[in-house]
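In what follows, a single structure is set out as C-alpha cells and then discussed.
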Amino acid sequence: MNREPRYESQATNHEPQDMVERTLIIIKPDGIHRHLAGEIIGRFEKRGAKIVAAKFMQISEGLARQLYAVHQGKPFFEGLVKYLSSAPILVMVWEAEGVIDMARKMMGATFGYEAEPGTIRGDFSSSRGYNLIHGSDSPKSAEQEINLFFNPDEIINYKLADADWLSGRND
Ligand code: DAT
Ligand code: MG
C-alpha cells in the first residue's frame, strides 16, 4: 500500500482560490534583531494562515520609500525609511480567508505602547516607531505591496495537509 502523503503542493497556478485573501507581512529589523521572527511566524501558523512566499532580505532606501509612499512628507518618513532599510527583514505573503484584517488585529495598534496585550505589538513592543511588524491595510495595498516584493511565480499555490480543518466549511 502506498503510504506516502498526498503531495498536492505542486504549483500549477499562482492565483489564490476563491474567497481567499493574501497579505504582505514584514518582520521589521527590530523583530529580526530581537529574535522574534519565530514567535511572529508561529502566531500566523497557529492561527491557521498559510505561508505562500517568503524572502529574507535587506532592502534599499528606494524600496522602503516605495513601500511607505503614502507617508511621504510626514515628519517620521525619513526615520521610517532608514529603519526599514538599516538591517535585514523577513518579507512574507500569508493567505487565508479575511487575512488582511485578521493580520491587522493580530499586529495591534501602530504604536507599541498603545497596542492591546495579546497582539504582537502589544506583547513585544513599547516603542512608537520600532513596532516589529508591517501588514497590508486593505486589499488594494496588499496587491500593490505583494507585487513590490514578489513575482507571481515566487508565490506558491499548495494545499496544507490539514486544510479541511483550517479552512473547510460546515455550512
Ligand atoms: P501601521 O504600521 O500600523 O500600518 P502606519 O501605516 O500608519 O502604521 O505607519 C507606518 C509606520 O510608520 C508605522 O508602523 C510606524 C511609523 N509611524 C506611523 N505614524 C507615526 C508617527 N506619528 N510617529 C512616528 N512613527 C510613525
Ligand atoms: Mg500601514
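Here, each number is a calculation from the coordinates, and none is a lab measurement. Everything numeric here is computed off the predicted structure, so don't read it as measured data. Because the Cβ atoms are built from the backbone with ideal geometry, glycine has one as well, and the counts that use them run over all protein chains shown.
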>> Which of the three applies to region 101-171, rounded, prolate or oblate, going by the alpha-carbon gyration tensor with a ≥ b ≥ c and a/c under 1.5 meaning rounded?
In response: oblate
>> Could you derive backbone 3J(HN,Hα) for region 31-46 from the dihedral phi with the Karplus parameters 6.51, -1.76 and 1.60 (θ = phi - 60°), listing whole Hz in sequence and x where the residue is Gly or Pro?
In response: x, 5, 4, 8, 6, 9, 4, x, 4, 5, 4, x, 5, 5, 4, 5
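Classify region 56-101 from the C-alpha gyration tensor, please: rounded if a/c falls under 1.5, else prolate or oblate depending on whether a/b exceeds b/c.
Taking the square roots of the gyration eigenvalues as a ≥ b ≥ c, region 56-101 is oblate.
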> Near the amide H of ALA54, under 5 Å away, which other amide H atoms are found, from residues 5 or more places off or on another chain, if H is placed in the peptide plane?
Replying inline: VAL93
> Roughly how many nanometres apart are two label points built 7 Å out from the Cα toward the Cβ at ALA87 and GLN66?
Replying inline: 2.5
>> Can you tell me the length gained on complete extension of the stretch ARG47 to GLU78, counting 0.36 nm per residue apart and subtracting the Cα distance?
In response: 7.8 nm
> What is the packing order of peptides 24-36, 48-60, 156-168, taking the mean over residues of other C-beta atoms within 10 Å and listing the highest first?
Replying inline: 24-36, 48-60, 156-168
> Once you charge only the Cβ atoms, +1 for Lys and Arg and -1 for Asp and Glu, what is the size of the charge dipole of the chain about its Cα centre, to the nearest 20 debye?
Replying inline: 500
> Any number yet on Rg/Rh for region 62-138, C-alpha, Kirkwood?
Replying inline: 0.96
>> Give me the one-decimal nm value for the distance between modelled label points at GLU39 and LEU148, 7 Å along each residue's Cα-to-Cβ direction.
In response: 2.6
>> I'd like the distance separating the alpha-carbon centroids of region 80-141 and region 32-64, in whole Å.
In response: 10
> What number of lysine-lysine pairs in the chain show an alpha-carbon separation below 22 angstrom, given a sequence spacing of 8 or more or placement on distinct chains?
Replying inline: 19
>> Apply the Karplus curve 6.51 cos²θ - 1.76 cosθ + 1.60, θ = phi - 60°, to the phi angles in region 97-111 and return the couplings in whole Hz, x for Gly and Pro.
In response: 5, x, 5, 5, 5, 4, 5, 4, 5, 5, 5, x, 4, 4, 8
